[in-house]
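The block underneath contains the structure these notes are about, expressed in structure tokens.
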Amino acid sequence: MPLETAATLEPATEGSDQEYLWTLNFGPQHPATHTTLRLILTLDGEKVVKAVPDIGYLHSGFEKLGEDLDFNQYVTIVDRMNYISPLSNEIAWHHAVEKLMGIELTPRCKYIRVIMNELARISDHLLCTGAQALDLGAFTAFLYAFYQREILYEIFEYASGQRFHPSYTRVGGLLFDFTNEVVRKIRDFVKNFSKTHADMCRLLNRNRIFLDRTRNVGILSKELAINLSCTGPVARASGVTRDLRKDEPCLAYGDFDFKVICCDEGDCYARYLVRMEEMLESIKIVQQAIENLPAGPVNVDTESKVVQPDQLSVYRSIESMIQHFELVMPNRQWTPPVDEVYGAIESANGELGFYVVSKGDGVAYRARTRPPSFIHFAVFPYLIIGHQISDVVAVLGSLNIIAAELDR
């Protein structure tokens, strides 16, 4: 077993039936952590009296690489932060860069980015709710969730050429426009998703075991959620009605009708319900966007000198070849202002932002990220104290911690 125990010299608390407190290493190699997460638990019998999150097992130097790769190359790196919904990372990164450079996207590009961001949100929520159920013994719901995720991966592959790390966005636009086949697949997904969602709800929403394991477990109050900087479903499940898609709309989110899903209970079950309902709202957004997809280009005008011309133009036009050459040569590229900006979007797990410092060329002087998982993993000790050790997997699964976002 990957769990190790060791007695400490610390005596048990007053009134405890135990002679000593015990230290339990939960992870970093444990099936319920899903990735390399480590928790140092202090136990009084089976009750958790202290929990210390320990990160550093998946450090990849993401932020340092942002100081070496240009604005387009770095998209392959942000893909690997929250690798469950990588398209959201790409959109957040280029949103910050385009904010720095003052680039206004085309209407078609805005709609496509909204569609891909919402599909990525659904993919992320499917994994979170499916794995949360799996950790508590509900295997069938996990299979339903992953069937739909496979369909989403097929859509991403048709749109970008890659399933898992699409690298789809570019400064001022996208790698490819939507084809008719991509639009058809998205419409089919929107049409058929509600059946799978209903099946998952029937399996879990009133399941006695699932309810007993998640209700009144890991309660996060509204005040604590605000004080600890929680965002996304974790905060909204505690009654914090904040969603950047409504409060600070970027892209084309102001054009769509959708609700911000909230609960007041703040427990594991509330976080599950918020994610389940958010998937339906994302489907509404995708349906509105795909049926009203504007015509026109997906990239800003090539005369702006910020986007690479398409391959055919490079082969047939000397001006396009020169522009392509300048954008890939490290001593040419873009000329953003010497400035610093922060740009953020509402990702599946909450506010995902990038703080970019520019020295006037095509590579960031500093690329700092604000990942939601880093914030939420620090919240875990506040939620688990006083619960049983068997509740660790329930609380951890409801937070949806992605280890690659922790060790930047």
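Matching residues to (1) among the β-branched types (Val, Ile, Thr); (2) under 17 Å from residue 84 (Cα atoms); (3) surrounded by fewer than 20 Cβ atoms within 10 Å (Cβ to Cβ):
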| residue | (1), (2), (3) |
| --- | --- |
| 143 | no, yes, yes |
| 152 | no, yes, no |
| 160 | no, yes, no |
| 163 | no, yes, yes |
| 191 | no, no, yes |
| 194 | no, no, yes |
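Just for segment 294-329: of the residues that are crowded, with 17+ Cβ neighbours inside 10 Å and aliphatic (A, V, I, L, M), which one is farthest from residue 259 (Cα to Cα)?
The selected residue is 314.
What's the number of the condition residue 38 fails, among (1) under 24 Å from residue 131 (Cβ atoms); (2) at pLDDT below 75?
Condition not satisfied by residue 38: (2).
Quick check on segment 127-149. Is at least one of its residues more than 30 Å from residue 335 (Cα to Cα), modelled with pLDDT under 90 and within 15 Å of the chain's Cα centre (by Cα)?
no
When the residues of segment 264-293 are filtered to those that are farther than 30 Å from residue 184 by Cβ and not aliphatic (A, V, I, L, M), which remaining residue is surrounded by the most Cβ atoms within 10 Å (Cβ to Cβ)?
Looking at the filtered set, the residue picked out is 271.
Taking only segment 366-392 into account, find how many residues are aliphatic (A, V, I, L, M), under 18 Å from residue 44 (Cα atoms) and in a helix (DSSP H, G or I).
Residues that pass the stated criteria total 4.
Out of curiosity, is residue 32 aliphatic (A, V, I, L, M) and either in a loop (DSSP other than H, G, I, E, B) or modelled with pLDDT under 90 (or both)?
yes
Given the structure, is residue 170 in the same structural domain as residue 378 (by TED's automatic domain parsing) and farther than 23 Å from residue 298 by Cα?
no
Which helices (runs of 4 or more DSSP H) sit wholly inside segment 166-249 and have at least 1 residues that are touching a residue at least 60 places away in the same chain (Cβ under 8 Å) and over 19 Å from the mean Cα position of the chain (by Cα)?
Where helices (runs of 4 or more DSSP H) fall fully within segment 166-249 and carry at least 1 residues being touching a residue at least 60 places away in the same chain (Cβ under 8 Å) and over 19 Å from the mean Cα position of the chain (by Cα), they are 180-204, 208-214, 222-227.
Output yes when any residue across segment 76-83 is of a type in the set (A, V, I, L, M, F, W, C), touching a Phe, Trp or Tyr at 6+ places or on another chain (Cβ under 6 Å), assigned to a helix (DSSP H, G or I) and more than 19 Å from residue 189 (Cα to Cα), and no when none is.
Within segment 76-83, one or more residues are of a type in the set (A, V, I, L, M, F, W, C), touching a Phe, Trp or Tyr at 6+ places or on another chain (Cβ under 6 Å), assigned to a helix (DSSP H, G or I) and more than 19 Å from residue 189 (Cα to Cα).
Looking at this structure, is residue 342 part of a strand (DSSP E or B), out of contact with any Lys or Arg (no Cβ under 6 Å at 6 or more places or on another chain) and either more than 23 Å from residue 229 (Cβ to Cβ) or in the same structural domain as residue 120 (by TED's automatic domain parsing) (or both)?
Yes; evaluated as a whole, the condition is true for this residue.
The values are calculated or read from the model by the stated rules, or taken from the named source; none is laboratory data. For clarity, every value in this text was computed on a predicted model and none was experimentally measured. Neighbour counts are summed over all protein chains in view; Cβ atoms, including those assigned to glycine, are modelled from backbone coordinates with ideal geometry.
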